[in-house]
Amino acid sequence: MAVQSMTGFARREGEAEGFRFVWELRSVNGKGLDVRLRLPQGFESLEAPVRKAAAKAFSRGNLQVTLSVSATGAAVEAVVNEAALEAVIDLVNKLEDRIDARKPALDGILNIKGVLEFRDPELSEASRTARDAAVLSGFMAALEDLKAMRLSEGAALGKILGGQVDSIEALTLAVEADPSRSPEAIRARLAEQVRSLMDTGAGLDRDRLHMEAALLATKADLREEIDRLKAHVDAARALISGEGGAGRRLDFLAQEFNRETNTICSKSNAAPVTAIGLDLKVLIDQFREQVQNLE
């Protein structure tokens with residue numbers, strides 16, 4: 001599976017055994033997989049297979065799953081709540097000797113809240129099984145739609161990330177090729193620094209100064225950081241074009257990009273290299289923001 005986004009939406013509806021159902025799936029960014037279900041009463045048995053299917057399809061993302069169900073046509077039944085009716089009749093009898101009024105008519109009693117209820121008809125075991133199977137099939141179709149949308153958005157994000165990795169590589173090569181890193185430039189810069197210190201007349205030892213300058217030059221060398229940045233570029237490209245969820249690993253690479261760039265900026269003693277390093281930091285921040293959207 002190619003890289004995919006963690007955001008998406010899907011909707012599926014259908015009918016089965018006198019019921020109309022609608023599935024709505026919404027997915028947003030998340031550190032792990034968090035599936036939140038809203039199922040109507042009587043459909044609790046679907047929770048386990050729904051969660052299992054979602055976990056098989058995705059590894060990350062906050063997934064909100066909502067199922068709405070309504071009876072179609074004449075499938076709704078009107079049922080008298082016997083307990084409520086008896087309570088109303090008992091109250092009428094108790095008040096009969098105390099209040100001079102006509103006895104309530106049938107339509108008046110039925111209009112009392114709770115006496116007459118409308119509910120879905122009782123289904124046979126076979127009908128219930130067929131209904132639940134159809135509803136679950138609708139969920140599986142919605143899940144595939146959501147997966148397709150996440151993959152489509154992931155492909156678009158992959159192109160953006162690929163372009164950013166290309167830019168990171170270009171800036172890395174610019175650091176590598178900067179004239180300030182040539183041996184001649186380094187020697188000239190160190191010689192000037194040593195000469196400036198000797199001109200102060202502070203009685204400094206010339207040989208010791210040259211030794212210290214050589215140590216500083218060794219510490220300021222950027223070869224290792226440049227090589228690691230190149231390796232991270234190759235790893236990022238492999239993840240973006242590879243299979244499976246790459247979000248966490250790309251996020252780790254973004255941190256590594258940032259670490260090497262910070263070291264380059266701290267070691268640099270040339271303004272052009274420092275400027276490139278700052279551009280790298282901005283680009284890496286943008287890269288990491290986009291990575292947060294990937295599974």
Exercise. State whether one or more residues within segment 29-44 are of a type in the set (D, E) and in a strand (DSSP E or B).
Key: yes
Practice problem: Say whether the condition of being within 23 Å of the chain's Cα centre (by Cα), outside any strand (DSSP E or B) and modelled with pLDDT under 95 is met by at least one residue in segment 115-124. | Solution: no
Practice problem: Spot the failing condition for G18; the list is (1) under 20 Å from the mean Cα position of the chain (by Cα); (2) at positive phi, and only one is missed. | Solution: (1)
Exercise. Inspect all residues belonging to segment 55-66 and state whether any of them is under 51 Å from the mean Cα position of the chain (by Cα), closer than 19 Å to E13 by Cα and at pLDDT below 85.
Key: no
Quiz item: For segment 241-279, what are the residues that are acidic (D, E) and closer than 23 Å to L173 by Cβ?
Solution: E256, E260, D279
Quiz prompt | Contacts under 8 angstrom Cβ, first residue in segment 105-117 being of a type outside the set (V, I, T), partner at pLDDT 75 or above and in a loop (DSSP other than H, G, I, E, B), 6 or more apart | solution = G114/N81; L116/N81; E117/N81
Practice problem: Determine whether T200 is more than 30 Å from Q64 (Cβ to Cβ), hydroxyl-bearing (S, T, Y), modelled with pLDDT under 90 and outside any helix (DSSP H, G or I). | Solution: yes
Practice problem: Scan segment 134-157 and give yes if some residue there is without any contact (Cβ under 8 Å) to a residue 24 or more places away in the chain, at negative phi and either surrounded by 15 or more Cβ atoms within 10 Å (Cβ to Cβ) or not in a helix (DSSP H, G or I) (or both), otherwise no. | Solution: no
Quiz item: Any residue at all in segment 46-53 that is farther than 25 Å from D251 by Cα, at pLDDT below 95 and over 14 Å from the mean Cα position of the chain (by Cα)?
Solution: no
Practice problem: For segment 1-34, enumerate the residues that are out of contact with any Gly (no Cβ under 9 Å at 6 or more places or on another chain) and free of Cβ contacts under 8 Å to residues at least 40 places away in the same chain. | Solution: K31
Quiz item: Which one of these does D107 not meet: (1) exposed (fewer than 14 other Cβ atoms within 10 Å of the Cβ); (2) acidic (D, E); (3) under 30 Å from D145 (Cβ atoms)?
Solution: (3)
Exercise. Looking only at segment 67-90, count how many residues are at pLDDT below 75 and hydrophobic (A, V, I, L, M, F, W, C).
Key: 5
Quiz prompt | Residue selected from segment 110-133 under the condition under 30 Å from N62 (Cβ atoms) and in contact with a Phe, Trp or Tyr (Cβ under 9 Å, 6 or more places away or on another chain), by the criterion surrounded by the fewest Cβ atoms within 10 Å (Cβ to Cβ) | solution = D132
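The values are calculated or read from the model by the stated rules, or taken from the named source; none is laboratory data. Only a predicted model underlies this, so the values are computations on that prediction, with no experimental measurement involved. FYI the Cβ positions are ideal-geometry reconstructions off the backbone, even for glycines, and counts take in every protein chain you see.
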